[in-house]
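Only the coordinates and a few stated rules stand behind these numbers; no lab work does. The model shown is predicted, which means the values in this text are computed figures rather than measured ones. For neighbour counting, all protein chains shown are included, and Cβ atoms are generated from backbone atoms with ideal geometry for every residue, glycine included.
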Amino acid sequence: MKKFLCALLIAGSLSAFPSYAAVSSGQESDTNWEVTYPIVSIEGNADAQNSINADLNDYLEQLRMDFQNGKYYICKEYYTVHYEDNDVLSISLYQLRLPYGACGNHSKSLDLVYDKNTGERIPLDNYVHVTPSDLEQYRWGHSYDQKGNKLKSENMWKSPLKEVPTNYFLTGGGVVCVVFKPYELTAGAFGSCYIELKPDYIEYLNRKNQW
């Protein structure tokens, strides 16, 4: 009887573990071309897996086309997985498109949140209803550079924000990070910066902005 109860406990604990997607890396390296791209595997859901990989591959192939057509001198790509649970995968692609002789920041981030059940992209509005003025008020003290370092107020632009980006990523615990292009929040050297929205502010925004 004791062995039977132990077996039930073990089986129950195993079934409680979430089923995560595996994200492996593909790599390509050549003169002026260096990419490390994600390959997503979702056990038992080939349709969602194929949909996500097709979307990720579209960004890589666009980069490849621009490179092969001579639009850019150097191209690079790498990625980061920010968050994952049973239903959601949050991943960012970072691409460099450097013209010959150019200076400044020529990188961009593609911040993508996928529904692992359907393979579809999840829009920002699914988590938070936010306006440019909401972000404007909250950005002071809640903005970070691409490496995750908090931005100092004296380094940030004082000009008002004109629109809400579609780029965002999740970090867990109800936190949503809204990502801006280089030069939109501060100098290009800081990369693609983001405003970190905490759960208490998100609750307020969704109560205030009911659309």
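Using the alpha-carbon atoms, what tilt in degrees (0 to 90, nearest 10) does helix 2-16 show relative to the longest principal axis of the chain? With both axes taken from Cα atoms, the answer is about 20 degrees.
Here residue 76 is the anchor, and the lysines within straight C-alpha reach of less than 24 Å, apart from those fewer than 8 places off in the same chain, are 108, 147, 181.
Helix 46-68 and the longest principal axis of the Cα set of the chain meet at an angle near 20°. Considering only 147, 108, 198, give the residue with the highest GNM mean-square fluctuation for the chain, with springs between Cα atoms whenever their separation is below 10 Å. Largest GNM mean-square fluctuation: 147. Cα centroid separation, region 70-129 to region 161-211: 15 Å. Using C-alpha pairs under 8 Å with a sequence gap of at least 6, the mean separation divided by the residue count of region 19-115 gives a relative contact order of 22 percent. Over the chain, Cα pairs under 8 Å with separation of 6+ residues give a relative contact order of 15 percent. All other residues whose Cβ lies under 15 angstrom from that of residue 35 are scored, Lys and Arg at +1 and Asp and Glu at -1, for a net of -3.
Once backbone amide H atoms are built at 1.01 Å from N, residue 176 has 197 as its partners under 5 Å, excluding neighbours fewer than 5 places away on the same chain. The angle between the Cα long axis of helix 199-208 and the main principal axis of the chain comes to about 80°, on a 0 to 90 degree scale.
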